[in-house]
Amino acid sequence: MPVNDVVLATEGDAAAFERVYRAHLPRIFNLARRMAGPDAADELTQDVFVRAWQKLALFRGESSFATWLHRLAVNVIIERFRTLGTARERFLADSEAALDVAHAPRTKHLDLSMDLQAAIEQLPHGARTVFVLHDVEGYKHEEIGDLLGVSSGTSKSQLHRARQRLRVLLRKEA
Amino acid sequence: MTEQRPFGESDHEPLAADDMLSQAIGQWREDTPAADLWPGVARRLDVRTAPRRTRISFTLPQLAMAASLLIAVASGVTWLAARQPLTAVDTQPMVVAQSESTGEVEGGIVNANFADAQFNAAVTDLEQILHSERERLDPRTVLVIERNLNAIDAAIQEARAALNDDPANAYLNSHLADARRRKLDLLRHATNLASAGGN
């Protein structure tokens, strides 16, 4: 995508913004799908690009546009989790309960052909968010803590539990 | 395979390449929306929410006026300085606004160099000195100083108003910092001149 399309979009050119949208759609859509699940991915993707349009004037080129857009997308998705009645405390408290792997059932009754997408949809929003941001998108715990408004220790704890739970869900029977 | 790893550093770190999760992530297929999402986005791109980066443009008369103003300020300061021996000026106590550590913030955006409180304090001090000493200045000198101070104040106010709409604008921040520096320079020269005996 020509860099000029971002500049033109910044000046209000909707046609240029459509080109920007098409260039970045795959990454944003898959981020939304992984963080929020396929049912919410379409709407969240649209929300991200509408928000990007509204905030484009704030993009100063200090980072790459892709980085700026990705960060904005993460924020939009996290906001959605919260407005869905997942207040911060509950956002993480639910995760703690749901991820209590010490009492998780063994895998014999689980669908062992389940792929990662299906497995991750069984995680609560908080744990799923931490896992996707850290292990898939490469964010650091400090960054995740900032995004979620929690300590990096909480992020580490969530990641640990999410990984353990996912291993259980993905484990193949011998 | 280790199903229940003990909680330790290894599970804070990036996954090992041979971890089953790494392999699962590597095989995690990319997907595309079932339908074109753009029409839904386009419908919501309200003109009222269109990004409009502030563009600063000047008409020729405005540019001519700005040039005249700069010449007037420079002339006034030069005229004042020329009437005052350098040694006398240099020995006068000066009120100096403390600049912030740098004019740069991350990402290369330049902010105004003078913190509001520091700038205002310095200006207040200098204006008080100038007010108490103005009787020692030639009325024509006072007129030139006041005219130039008014012009600079107008420039500062305009820059501040524009920054309210676009706080991160590097040009406006730089413009405001320049205007503030000009005001402080002019006040310093004027107070030095008055303190040294004026005319």
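Against the condition more than 8 Å from every other protein chain (Cβ to nearest Cβ), in contact with a Lys or Arg (Cβ under 9 Å, 6 or more places away or on another chain) and at pLDDT 90 or above, how does A:Ala104 come out, does it pass?
Values: more than 8 Å from every other protein chain (Cβ to nearest Cβ): yes; in contact with a Lys or Arg (Cβ under 9 Å, 6 or more places away or on another chain): yes; at pLDDT 90 or above: no.
Judged against the criteria, A:Ala104 is not a match.
Do the conditions hold for A:Ala118, that is, is it in a helix (DSSP H, G or I), in the same structural domain as A:Thr154 (by TED's automatic domain parsing) and either at pLDDT below 95 or charged (D, E, K, R) (or both)?
Values: in a helix (DSSP H, G or I): yes; in the same structural domain as A:Thr154 (by TED's automatic domain parsing): yes; either at pLDDT below 95 or charged (D, E, K, R) (or both): yes.
Answer is yes for this residue.
Looking only at the range B:170-199, how many residues end up being on the phi < 0 side of the Ramachandran plot and open to solvent by less than 20 Å² (accessible area, probe 1.4 Å)?
Selection size over the range B:170-199: 15.
Which of the residues belonging to the range A:11-58 are open to solvent by 40 Å² or more (accessible area, probe 1.4 Å) and basic (Lys, Arg)? Please lay out each step first, then the result.
Filtering the range A:11-58 for residues open to solvent by 40 Å² or more (accessible area, probe 1.4 Å) gives A:11, A:13-15, A:18-19, A:22-23, A:26-27, A:38-39, A:42-43, A:51, A:54-55, A:58.
Correct list: A:Arg19, A:Arg22, A:Arg27, A:Arg51, A:Lys55.
Can you run down the residue pairs with Cβ atoms below 8 Å, 6 or more apart or on separate chains, where the first is in the range B:141-157 and under 14 Å from B:Leu176 (Cα atoms) and open to solvent by 20 Å² or more (accessible area, probe 1.4 Å) and the partner is at pLDDT below 85 and assigned to a helix (DSSP H, G or I)?
Partner pairs satisfying both residue conditions: B:Ala151/B:Leu69; B:Ala151/B:Ala72; B:Ala151/B:Val73; B:Asp153/B:Lys183.
So A:Thr83 passes all but one of these: (1) within 14 Å of chain B (Cβ to nearest Cβ); (2) modelled with pLDDT under 85; (3) closer than 30 Å to A:Val6 by Cβ; (4) open to solvent by 50 Å² or more (accessible area, probe 1.4 Å). Which condition number does it fail?
(1)
Tell me which residues, restricted to the range A:120-156, are surrounded by 22 or more Cβ atoms within 10 Å (Cβ to Cβ), small (Gly, Ala, Ser) and within 11 Å of chain B (Cβ to nearest Cβ).
Once the filter is applied, which keeps residues that are surrounded by 22 or more Cβ atoms within 10 Å (Cβ to Cβ), small (Gly, Ala, Ser) and within 11 Å of chain B (Cβ to nearest Cβ), the range A:120-156 yields only A:Ser155.
The values are calculated or read from the model by the stated rules, or taken from the named source; none is laboratory data. Because the structure is predicted, anything quoted here is derived from the model rather than measured. Cβ coordinates were reconstructed from backbone atoms using ideal geometry, including for glycine residues, and neighbour counts include every protein chain displayed. Surface areas here come from the heavy atoms of the whole protein model, side chains and all, with no ligands, DNA or RNA. Shrake-Rupley method; radii C 1.70, N 1.55, O 1.52, S 1.80 Å.
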